[in-house]
């Protein structure tokens, strides 16, 4: 970089008179001026690009200095490598499953119904990863958090899972319905999400078929039919 600056300065000084349109020499001086500018053009372009990048890096450095982050980066470069340099990894079922903290109910009756749903959830993630579902892992992530990919620094607040049960007032009606009617009622539950808290609410169903159908319908509707900023 310094060599470019020196070459530019040296050539400019040694040819200063040639670059001056009023200098004696007339046509020959103007020709020398044009030739010199043509020879310096690549260096000038490179210099401008370099200075532009240098200003950007300078602003980034000033920003990192605000909370002392820059000093920590210098002390622990390997720790920050994944944040600044590591390429984005493809989303995997195991990765997405570990991302969510599961919040079970305290009531034992509800807890017994939620435990099988966790198994349904993990199985659905595996099917999404291998393409056996109409939705993808990215669709689930976007539905739950509105994020298209996992940020290098993680999501804040940490994503969590809770459960959607039948309303207490409907339990009596559920018991009175025949087996076919109950199955239809179970499938009527759909997942919900609270993006501000990164909370995914899973429907409590009795079968994996009902759980998968519910998840695919709700998430497909959101991803494909609603605006991206909904």
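The values are calculated or read from the model by the stated rules, or taken from the named source; none is laboratory data. Keep in mind that this is a model prediction, so the values were computed, not measured. Counting neighbours? That spans all protein chains shown, and the Cβs are built from the backbone with ideal geometry, glycine included.
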Test: residue in segment 58-68 that is part of a loop (DSSP other than H, G, I, E, B), at pLDDT below 80 and either over 29 Å from the mean Cα position of the chain (by Cα) or in the same structural domain as residue 164 (by TED's automatic domain parsing) (or both): no
Any chance residue 111 is farther than 14 Å from residue 200 by Cα and at pLDDT 95 or above: no
Qualifying residue in segment 158-172 (condition: surrounded by 14 or more Cβ atoms within 10 Å (Cβ to Cβ), in contact with a helix residue (DSSP H, G or I) (Cβ under 9 Å, 6 or more places away or on another chain), modelled with pLDDT of 95 or more and under 15 Å from residue 210 (Cβ atoms)): yes
Given (1) farther than 28 Å from residue 69 by Cα; (2) surrounded by 11 or more Cβ atoms within 10 Å (Cβ to Cβ); (3) within 22 Å of the chain's Cα centre (by Cα), number of the condition residue 146 does not satisfy: (1)
Members of segment 179-230 found to be at pLDDT below 90, more than 17 Å from residue 166 (Cα to Cα) and assigned to a loop (DSSP other than H, G, I, E, B), listed by number: 226, 227, 228, 229, 230
Odd one out for residue 120 among (1) modelled with pLDDT of 90 or more; (2) under 23 Å from the mean Cα position of the chain (by Cα); (3) part of a helix (DSSP H, G or I): (2)
Residue check for residue 133: modelled with pLDDT of 85 or more and either in a strand (DSSP E or B) or farther than 15 Å from residue 121 by Cα (or both): no
Selection count, segment 75-111, where residues are surrounded by fewer than 10 Cβ atoms within 10 Å (Cβ to Cβ), over 24 Å from the mean Cα position of the chain (by Cα) and not in a loop (DSSP other than H, G, I, E, B): 3
